[in-house]
Amino acid sequence: MMRMRALAATAALFGFASAAAAAPKGADTARPPYAQAYEPTTVDERGLWQQLDDAERQLRDSKFVILDPALNDYVRGVFCRTVGDERCRNVRIYVMRNPNFNATMAPNGMMEVYSGLLLRVRNEAELGAVLGHEFGHFELRHSLNGFKMKRISTDIAMWGTLLIAAGGNDPTRFQMGILSRIFAYNRNQEKEADLKGLEYLVSSPYPSAAAANVWERLMAEADATAAGRKQKAQHSYAAGFFADHPTELARAKYLRDAAGKAGDEGDPAAAAYRSALDKWLPAFLDDQIKLNDFGGSDYLLQQLAGDGWTPDLLYARAELYRQRANPRDLVSAAQFYQEAIDKGYAGAEARRGLGLALIRSQQGEQGRTALREYLRMKPDAPDASLISTLVAD
Amino acid sequence: MLHLKGLAALACAVVCALLLAAPVAAQEKSGMKPGFNLAPGTARIVLMRPTIKVGAQSTGGMFEPNADWTAQGRENLGRAIAEAQGKLGNVVVAYEEPAGGAAGAAEYQALFTTVANSVMTYQFFSGNRLPTKKRKGQFEWGLGPGIGKVSGLQGADYALFVSTEDQFGSTGRKVLQVAAILAVGVAIKSGLHTGYAGLVDLKTGELVWLNADAQMGGDVRTPEGAARRAEQLFKGFPGSTPAALQVAGR
Amino acid sequence: MRAKFAAVLTVAAPIVAIWAASPALAGNSLIAPGKKAAVARSTLSVTPSSEWNKMGARPGRNSETWTLDGDGLNDVTFYGGVGDGQTLFKEVDKANRPLPRVSSTMLVTDIPTLLENSYRIALGTSLISIDAIEPTSFAGEKGVRFTYSFTKQDEEVRRRGEARAAMVKGKLYMITYEAPALHYFDRSLTAARELADSAKF
């Protein structure tokens, strides 16, 4: 609706102006006014919302939702501190068990946060940056616009294809042109949401510089993934033809520039974040290790170990190396398991991994010793009878 | 996140598909457990929340949900279904979500979809039939006897699952359809009207009846159309006769 | 499992909606009881004691699937000699979602992990766990028997699986049985176990 859009545009202007003037840190009074929980009015919007209301019903019952109240409360807390209570009040957040880096927000106010995202951000400020970006789409009401734009464009594409096919020319060239228009529209939306998210950060207790860090690390991880697969790294400054989002490189740059201009400071709350994730970290690491992405996973582990290799991180690294299982990997794996144990890794699984790594690298005797220790520590392990056969050899 | 190569391949494949799109043949099939009979007025049936999607199909084939249409469809179809069943004298009650949430029912809803898809893929469509499902008069499908224990279904004899999806071809789509035939001799489908209705015996979990139609008629946005759709959905419903199922306003 | 190689492209490209897939020319065939049947283009054979349907579509080069009501409801898949460097089933997106590969030096404990990780990637799900693992004799060879449970992405049907496998001369041989946890898994468990029991080289 025109009124809403004008309001949002004004809000954006106001928000940015206050940022440039270095508004006082953390004061919610610095935030632009927020029109209350938006009710869809045009036919298109209500249609999309209704689909989603059915979808939210399904989401609520989904097996992929992580129900842990402590984790949910924590994520919600970070989100509210980022965008302010007025904005976060009616948002429903669902934390999903999915190893990909992603968060989505639907026009009806439901937000999904993937565990892969929680694994990759290192502090509350970074989490706030991504959640704020998603809320930015919502406040700027992008979903519907994107939907409308796609409809008009595909109509043109269909006609064009027919005409050209009838005329005997190559239809693919024309097709590409239309597709590029659709995706270019989305790229602008992503940049708008990035900058909106930055505004929220500037008005929050968190430093807006955190936003750029996320993308820089994501790029480095993708490069590491490619290297691990002996592929070429993908990054270029200009977004590739099919890239829906501006490339991480471009994003990191304009976010860093904007944060520099804002000049705000704050506590990114890294320790609090690590503490809140502690219970779920082993599970999320496990999901990541099992993706068969050695390069990316190893990079991620090293990043997470920036403040020191914890037993959980060492165990995960050992599992990663044992999984790839090149001869030298098995030696490294054994080493990491031992380090984890020495640092106090409590679970019996470390002995299991150590034993298997040693056996597979022709150190049978030491391997069997470790496996015997595993069985002693966990006689009712689900694979106890199988491990016993390896020990008996 | 998107992948460059995947999308390039997709764009090219789509163009090829456009040029080679084959028309979808009329496919209406139903199956019933042999010997099953449902006398009017003898059963209490719980209608699970119908899955109803109504919208438009743009020229480019994209589904556009439409809340007004869906609400109309839900209201009209809901009433039409009740009337159709009411005509047979069977009591149809809408499923009420129990206090603890609908997780139990949701599991069966999910399983029902899987079973119905299997029936359609491996028994109804001739191209893909499984040999053991080809035998004359055979119809052996079910959700298992545990369904009777789902809270909210006690005291009922059958559960009725209904799902419809309507995409009305926009004007542009229809014009395209004509142009496609004239210009390049390609038959493009306009609009999408699919539906299935299935009846499950709550004592045994057997799917005693399933109707599947990939070319449904009746505009669910109007009472008359919804009535016609309900009629089609329940065509061959156990114990019914065609005359009985005719709903007023047609 | 035919569903393993269904394309997982989550892009909402508008034009793809009109690409109506036609039913595949399947060539499903009937398996009669009592006759020994070679499976998965390999030296592995089973002797069914009841009838089954053999699906025309294969998950991979050296595998085949049998079913009673459709692979979404019950699925027995035979893997006949997946060798060093090979994947369990066809890769959909080799560059971005490569599947783990068999290694001829794999320990028997690595077999459940191979299946789990392959499913995580191919089915796009984190909801899979290996439950019990024990040694067993499989087709006369020393092997492993394990159970697992999983849910596919974009589906809310809980599924259970039971597998028997062995490494023989550096190649993986395996028989898996999968079905929805609700009703279907128990329903055909005995018949599926009889198949696995009858496996011979």
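The values are calculated or read from the model by the stated rules, or taken from the named source; none is laboratory data. Everything quoted here is computed from the prediction, not taken from an experiment. Cβ atoms come from the backbone with ideal geometry, glycine included; neighbour counts cover every protein chain shown.
Are any of the residues in segment A:248-259 farther than 25 Å from A:Leu314 by Cβ, at pLDDT below 90 and within 14 Å of chain B (Cβ to nearest Cβ)? Yes, segment A:248-259 has at least one match. Within segment C:132-154, which residues are touching a Gly at 6+ places or on another chain (Cβ under 9 Å) and either within 28 Å of B:Gly104 (Cα to Cα) or charged (D, E, K, R) (or both)? Residues satisfying the conditions are C:Phe146, C:Thr147, C:Tyr148, C:Ser149, C:Phe150, C:Lys152, C:Gln153, C:Asp154. Every condition in (1) touching a Leu at 6+ places or on another chain (Cβ under 7 Å); (2) buried (at least 21 other Cβ atoms within 10 Å of the Cβ); (3) not small (Gly, Ala, Ser) is met by C:Pro112 except one, and the failing one is (1). The set of residues from segment B:111-126 being more than 7 Å from chain C (Cβ to nearest Cβ), in contact (Cβ under 8 Å) with a residue 60 or more places away in the chain and out of contact with any Lys or Arg (no Cβ under 6 Å at 6 or more places or on another chain) comprises B:Phe112, B:Ala116, B:Val119, B:Met120. Residues that are of a type in the set (Gly, Ala, Ser) number at least 3 in the following strands (runs of 3 or more DSSP E) confined to segment C:93-201: C:128-138, C:158-168.
So, C:Thr125, is that one in contact (Cβ under 8 Å) with a residue 40 or more places away in the chain, touching a Ser or Thr at 6+ places or on another chain (Cβ under 8 Å), closer than 27 Å to A:Asn292 by Cβ and among the polar types (S, T, N, Q) or not? Against the criterion (in contact (Cβ under 8 Å) with a residue 40 or more places away in the chain, touching a Ser or Thr at 6+ places or on another chain (Cβ under 8 Å), closer than 27 Å to A:Asn292 by Cβ and among the polar types (S, T, N, Q)), C:Thr125 does not qualify. Only one entry in C:Tyr148, C:Tyr173 is of a type in the set (Phe, Trp, Tyr), more than 10 Å from every other protein chain (Cβ to nearest Cβ) and surrounded by fewer than 22 Cβ atoms within 10 Å (Cβ to Cβ), namely C:Tyr148.
Selection over segment A:71-89 of residues that are closer than 30 Å to B:Tyr108 by Cα and either of a type in the set (A, V, I, L, M, F, W, C) or in contact (Cβ under 8 Å) with a residue 40 or more places away in the chain (or both) gives a count of 1.
Filtering A:Gln302, A:Gln362, A:Gln323 for residues that are out of contact with any strand residue (DSSP E or B) (no Cβ under 7 Å at 6 or more places or on another chain), among the polar types (S, T, N, Q), part of a helix (DSSP H, G or I) and surrounded by fewer than 19 Cβ atoms within 10 Å (Cβ to Cβ) leaves a single hit, A:Gln302. Taking (1) more than 11 Å from chain B (Cβ to nearest Cβ); (2) farther than 26 Å from A:Ser203 by Cα; (3) in contact with a Phe, Trp or Tyr (Cβ under 8 Å, 6 or more places away or on another chain); (4) modelled with pLDDT under 95 in turn, A:Leu67 satisfies each apart from (3).
Screening segment B:197-207 for residues that are crowded, with 22+ Cβ neighbours inside 10 Å and part of a strand (DSSP E or B) and picking the one that is nearest to the chain's Cα centre (by Cα) gives B:Ala197. Taken together, the residues in segment B:127-165 that are within 14 Å of chain C (Cβ to nearest Cβ), crowded, with 20+ Cβ neighbours inside 10 Å and modelled with pLDDT under 85 amount to 1. Among the residues of segment C:70-88, what is the count of those that are part of a loop (DSSP other than H, G, I, E, B), touching a residue at least 12 places away in the same chain (Cβ under 8 Å) and crowded, with 23+ Cβ neighbours inside 10 Å? The qualifying residues number 5. Taking the condition within 10 Å of chain A (Cβ to nearest Cβ) and at pLDDT below 95, does C:Thr136 pass? Judged against the criteria, C:Thr136 is not a match.
Out of all the residues in segment A:79-123, which are β-branched (Val, Ile, Thr), farther than 23 Å from A:Val202 by Cβ and at pLDDT 95 or above? A:Val95 - this is the single residue of segment A:79-123 that is β-branched (Val, Ile, Thr), farther than 23 Å from A:Val202 by Cβ and at pLDDT 95 or above.
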